[in-house]
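Shown next, in C-alpha cells, is the structure this report addresses.
Derivation of every value follows stated rules applied to the coordinates shown; laboratory data play no part. Source: prediction; values computed, not measured. Don't worry about glycine lacking a Cβ; one is built from the backbone with ideal geometry, like all the others, and counts go over all protein chains shown.
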Amino acid sequence: MIRFRLKELMANKSYEEKRNVTLEEISEATGIHRVTLSRIANKVGYSTSTNVLGALCEYFDCEVGEVAERVREKPAEKD
C-alpha cells in the first residue's frame, strides 16, 4: 500500500516557517483541488496521478519518496 505523508510535510513546513500551512494554500499554489488534497491527507489507500505528486514535490521542494512511501501490508493471520 502507498501512504501519503502530506500531513507530515504540512506540519514540518508550518514549523519551519512559523505559520499555519493549510490545504487551501497548497491548493492555490499547486492547482490541485482542495478535495483531492483532503483525500490524499485523510483517505487510506487513495490513488492519485504523477502530476499531483510532481506538484506536491515542487511545492514542498522535496523528492517523491518524501511525499509517498510504500508500506508493507501484514499477511492475514490464519485461525
* Restricting the search to region 40-63, which residues are closer than 10 Å to Phe4 by Cα and either of a type in the set (Lys, Arg) or in contact with a Leu (Cβ under 7 Å, 6 or more places away or on another chain) (or both)? -> Ile40, Ala41, Lys43
* In region 1-30, residue farthest from Asp61 (Cα to Cα) [restricted to those that are of a type outside the set (A, V, I, L, M, F, W, C) and touching a Phe, Trp or Tyr at 6+ places or on another chain (Cβ under 7 Å)] -> Thr30
* Asked: Is region 50-57 home to any residue that is exposed (fewer than 10 other Cβ atoms within 10 Å of the Cβ) and either of a type in the set (Ser, Thr, Tyr) or under 10 Å from the mean Cα position of the chain (by Cα) (or both)?
  -> yes
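Of everything in region 1-49, what is among the aromatic types (Phe, Trp, Tyr), surrounded by 11 or more Cβ atoms within 10 Å (Cβ to Cβ) and either touching a Lys or Arg at 6+ places or on another chain (Cβ under 8 Å) or assigned to a helix (DSSP H, G or I) (or both)? Give them in sequence order.
Keep residues of region 1-49 that are among the aromatic types (Phe, Trp, Tyr), which gives 4, 15, 46.
From what's left, surrounded by 11 or more Cβ atoms within 10 Å (Cβ to Cβ): 4, 46.
Hit for region 1-49 is Tyr46, nothing else.
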